[in-house]
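Colleague: Just dropping this structure here.
The values are calculated or read from the model by the stated rules, or taken from the named source; none is laboratory data. This one's a predicted model, so the numbers in the text were calculated from it and none came from an experiment. Don't worry about glycine lacking a Cβ; one is built from the backbone with ideal geometry, like all the others, and counts go over all protein chains shown. Note: accessible area is taken over every heavy atom of the protein model, side chains too, but ligands, DNA and RNA are not part of it. Shrake-Rupley method; radii C 1.70, N 1.55, O 1.52, S 1.80 Å.
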Amino acid sequence: MPSSLEIFANLFYLVSVLLAARNSVHTWAVGLVGCALFGWLFFSVQLYADVTLQGFFIATSLLGWWSWLRGRNGEPMPISRTAWPGLGLALSIAVVVAVAYGALLHHFTDAYAPFIDSLVLTFSVLAQLLLMRRKLETWYGWLLVNTLAVPLFASRELYLTAFIYLLFWCNAWYGLYCWRRELKAQAA
């Protein structure tokens, strides 16, 4: 049976992710609460890279909130695409950092699945940075993150969280669809 902490963390984060797919600025405020609760939850089950990730999400949620409201010379930021050379470099850096952080966790902590947990961390960081800039490719990043996170969380018996991340995976497809449609409308 999931704990109250797991239920509330998932509830807040689920609403935040749904708001992101709908391109709503309120995603950031609701997400702040969810991130704080998830940080506490992940610490309790020794997923330390995910605790680090929640701290990152809290900081970037504040920046993303500001950026979405006033990130383009005081006007809301439109959806855009990421240049492939920059995205390829960012993906390479994410993998290298994940391997290094996973090695640190493996050697110096009692972390569970430190390398997979670190991949969830680094790809989430990349996807979050893309989300903050309203880049379409954020949704591909979230698809990858959720593909890794669902079995990781299930293996720690966080079944509710694994199920919610499966819903996030579906929502990432929905977000990709919505943002593609909006990007086409912007171009017209």
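Colleague: Once you order the gyration tensor axes a ≥ b ≥ c over the Cα atoms, which shape class does region 126-188 get: rounded for a/c under 1.5, otherwise prolate or oblate by comparing a/b with b/c?
Modeller: On the way: a/c = 4.00, a/b = 2.39, b/c = 1.67.
Prolate.
Colleague: If you roll a 1.4 Å probe over the heavy atoms of the protein chains, what accessible area per residue do you get for the chain, in Å²?
Modeller: In whole numbers, the chain has 51 Å² accessible per residue.
Colleague: Shifting gears a bit: Round to a whole number: what % of the accessible area of region 142-188 belongs to carbon and sulfur, probe 1.4 Å?
Modeller: Heavy-atom surface of region 142-188 belonging to carbon and sulfur, 1.4 Å probe: 69 percent.
Colleague: Here's something else I'd like to know. How much FRET efficiency would the formula 1/(1 + (r/R0)^6) give for HIS107 and TRP84, where r is the Cβ-Cβ distance and R0 is 35 Å, rounded to 0.05?
Modeller: Here the calculated transfer efficiency is 0.50.
Colleague: While we're on this one: What's the extension gain from LEU69 to LEU11 if we count 0.36 nm per residue and subtract their Cα-Cα distance?
Modeller: Length difference between fully extended and current span is 18.4 nm.
Colleague: Carbon and sulfur: what percent of region 13-89's accessible surface (1.4 Å probe)?
Modeller: The nonpolar share, carbon plus sulfur, comes to 69 percent.
Colleague: Could you give the longest part of the chain that holds none of the trypsin sites (Lys or Arg not before Pro) found in DSSP loops with at most 14 neighbouring Cβ atoms within 10 Å?
Modeller: Free of exposed loop sites, the longest segment is 82-188.
Colleague: Grab the Cα-Cα distance for ILE93 and ALA187, subtract it from 0.36 nm times how many residues apart they are, and report the gain in nm with one decimal.
Modeller: So the chain would gain 30.7 nm between ILE93 and ALA187.
Colleague: Separate question: May I ask you to derive the relative contact order of region 1-140, considering only C-alpha pairs under 8 Å and at least 6 residues apart, and to give it as an integer percent?
Modeller: Averaging sequence separation for qualifying contacts and normalising by length gives 23 percent for region 1-140.
Colleague: Let me ask another. Does region 26-96 come out rounded, prolate or oblate by the C-alpha gyration tensor, with a ≥ b ≥ c the root eigenvalues, rounded set by a/c under 1.5 and, if not, prolate when a/b is larger than b/c and oblate if not?
Modeller: Because a/c hits 1.5 or more and a/b fails to exceed b/c, region 26-96 counts as oblate.
Colleague: Give me the net charge of PHE153's neighbourhood, meaning all other residues with Cβ under 13 Å from the Cβ of PHE153; Lys, Arg count +1, Asp, Glu -1.
Modeller: Net local charge, PHE153 excluded: -3.
Colleague: Rounded, prolate or oblate: which fits region 1-156, taking a ≥ b ≥ c as square roots of the Cα gyration tensor eigenvalues, rounded meaning a/c under 1.5, else prolate when a/b beats b/c? Mind dumping the intermediate values first?
Modeller: On the way: a/c = 2.11, a/b = 1.28, b/c = 1.64.
Taking the square roots of the gyration eigenvalues as a ≥ b ≥ c, region 1-156 is oblate.
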